[in-house]
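The values are calculated or read from the model by the stated rules, or taken from the named source; none is laboratory data. None of these values were measured; they are calculated from a predicted model. FYI the Cβ positions are ideal-geometry reconstructions off the backbone, even for glycines, and counts take in every protein chain you see.
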Amino acid sequence: MDQLVQMVMTRADQFRLRCQEQELTFLVPLTLLIIAKNMLYLCWLLFSGRGLPQSDDGKWYINYAGAFLENLRDGLDVNDILYFGYNVLLSALMAIFQDPVAVVVLQGIAAGLGVILVYKIAAMLFNLRTAVIASIFYACIYEFTRWSLYILSDSFFVSLLLLCVYFLLMALHTPEKRYRRLFFATALYLVIFRPTGIVIMAFIAVYVLLQLDRKRLLMFFTKHRQWFSSMTIMVLAALIYLYINNTMALFLHSMQVEVQKVLYDIYAKGWVYDKSTSFDHIYRPDYAMTVQDSAILSFILNNWQNIVILCSKRAVAFLGTWVWDANFTSVLGILSAAVNLVPAFLFLTGTVLAIKNGLFKRASIVWMPVVAVYFFCVVLFIDAMYRYQFPALPFIAIVAAYGTERILEKAKTGTKY
């Protein structure tokens, strides 16, 4: 009997090692391929004379990093605080390398390494076939190359988000305490990295609460109640002190200005994107101050019907700009629309089958960033280059990969999904 048990254990170890070898055989070339693709594109841009892609936001980040290194002080403007994590990271990288090209090289490498996290997350939540397909989808998404070439927060943010989700899953499914500490560290950094991180972490927090047992959660808070009470009191005292001394006045004022700017420059003009297009909802906005002398509340309540229409347009626009050009009056137009709908179909299929197969609750962490980014884009606006949609793409790829894997399994065996 002991020999049989030993033989089974040996076979199990051999199988595990074989899986690890196959994993490395697949992941190492794919990771190097993505990194090489990013670097080749970067070299082509540099040697062709085009230089790094430029944007107004990118210039702002570079200038801010230079001013930060010169003064070693962070401002209290809303953009200074909400992008504090990326501002400090970029400043540190510029201090070390003194060249934006070096920052882009690091972004390209981080984007390539992201495929490993996509594989690991998909394998933990679904199965190895889904992990392989999700990795291939990730490698084929052009946006991971595009945004790694800009001096913007997006590329590093996606890498950080994938790392945060991976540490969370390891913390929930393994007894090792280091993963809890790593998750809390990456989650905190995600919140201060850029505003989208705050929205995404709110949804991830919901996932954590759903996964933990209520009794276990209550015991945890009871055990550490003194620590939580002390931290709460310290935070409240700090906020009260900053408010009384008008230290936060600039931050609150700048936040109000930014909200009004979005309402008056985006909503009032009926823009679906961050600039004027032929898909906008044109209407005559009502600027009357009717609610407690608040320009923000008055605008929202006076124009709520048009705001609903505008947000509905953005909800559809999230699928891509092709939705506005879709032509269902010709065979070619129908085929083109069908091809464009494939990712949405695979994502919907993966969602439905995850619910049907009882995987949705455990795997819902991959839906949380998608819903958070979707909510952010619908409420705020959608970048004309679909930059704000970018953080959701790795998780859309994972869900779509599960839908693809189930369809292929059905076609292969003829069994139920």
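Here are the numbers for the structure shown:
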| read-out | value |
| --- | --- |
| Listing of helices (runs of 4 or more DSSP H) fully contained in segment 321-386 that carry 2 or more residues being more than 20 Å from the chain's Cα centre (by Cα) and either modelled with pLDDT of 90 or more or among the charged types (D, E, K, R) (or both) | 342-356 |
| Test for residue 13: is it acidic (Asp, Glu), modelled with pLDDT under 85 and either assigned to a loop (DSSP other than H, G, I, E, B) or within 24 Å of residue 383 (Cβ to Cβ) (or both) | no |
| When residues of segment 298-320 are limited to those that are part of a helix (DSSP H, G or I) and touching a strand residue (DSSP E or B) at 6+ places or on another chain (Cβ under 7 Å), the one farthest from residue 379 (Cα to Cα) | 317 |
| Selection from segment 38-53 of residues that are over 13 Å from residue 146 (Cβ atoms), touching a residue at least 40 places away in the same chain (Cβ under 8 Å) and either surrounded by fewer than 16 Cβ atoms within 10 Å (Cβ to Cβ) or among the acidic types (Asp, Glu) (or both) | 46 |
| Residue within segment 388-404 that is part of a helix (DSSP H, G or I), crowded, with 21+ Cβ neighbours inside 10 Å and touching a Lys or Arg at 6+ places or on another chain (Cβ under 8 Å) present | no |
| Every residue from segment 100-113 that is closer than 28 Å to residue 63 by Cβ and not hydrophobic (A, V, I, L, M, F, W, C) | 100, 107, 108 |
| Segment 223-277: number of residues that are assigned to a helix (DSSP H, G or I), among the hydrophobic types (A, V, I, L, M, F, W, C) and under 30 Å from residue 378 (Cα atoms) | 10 |
| Enumeration of residues in segment 306-357 that are of a type in the set (Gly, Ala, Ser) and either touching a residue at least 60 places away in the same chain (Cβ under 8 Å) or under 19 Å from residue 406 (Cα atoms) (or both) | 315, 317, 320, 344, 350, 354 |
| Output for segment 278-297, where each listed residue is farther than 23 Å from residue 376 by Cβ and of a type in the set (A, V, I, L, M) | 282, 288, 289, 291 |
| Any hit, segment 353-372, residues being in contact with a strand residue (DSSP E or B) (Cβ under 9 Å, 6 or more places away or on another chain), crowded, with 18+ Cβ neighbours inside 10 Å and not polar (S, T, N, Q) | no |
